[in-house]
């Protein structure tokens, strides 16, 4: 038995207008798609079809590189810095991060977080004790 790799012949045998598509997505995108399915109750096929419908025309595919979000939520900021959300929240509450609280929600400027990160870790006073700090 031989299996043809010719997708056109395979697609000719598909009875309706739909054609199977198999893709590998980065884990984060696959997880986001799963969350979208869970929150909307719609099928992945329907969501993917709608997401790409306005980007593909016959003979042309347009890929738009969306710039990163300028303003981030606490969860997005933690993802950017690759830190646990609780650790980021603690630093923000202590005033060690460039962010603002609006009601119960934190917002962070992406560029400000990257600049903060580039400055390096500020030692805590208890860390300075015994290292020539002012407590000696």
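Within the range 68-104, work out how many residues are surrounded by 14 or more Cβ atoms within 10 Å (Cβ to Cβ) and farther than 21 Å from residue 119 by Cβ.
2
Of all the helices (runs of 4 or more DSSP H) wholly in the range 4-85, which have at least 1 residues that are modelled with pLDDT of 75 or more and either assigned by TED's automatic domain parsing to the domain that holds residue 112 or touching a strand residue (DSSP E or B) at 6+ places or on another chain (Cβ under 6 Å) (or both)? I'd like the intermediate steps shown before the answer.
Values: elements: 7-12, 27-40, 44-53, 74-81.
Answer list for the range 4-85: 74-81.
The values are calculated or read from the model by the stated rules, or taken from the named source; none is laboratory data. Here the structure is a predicted model, which is why all the values come from computation and not from measurement. Every residue, glycine as well, gets a Cβ built from its backbone with ideal geometry; the counts of neighbours run over all protein chains shown.
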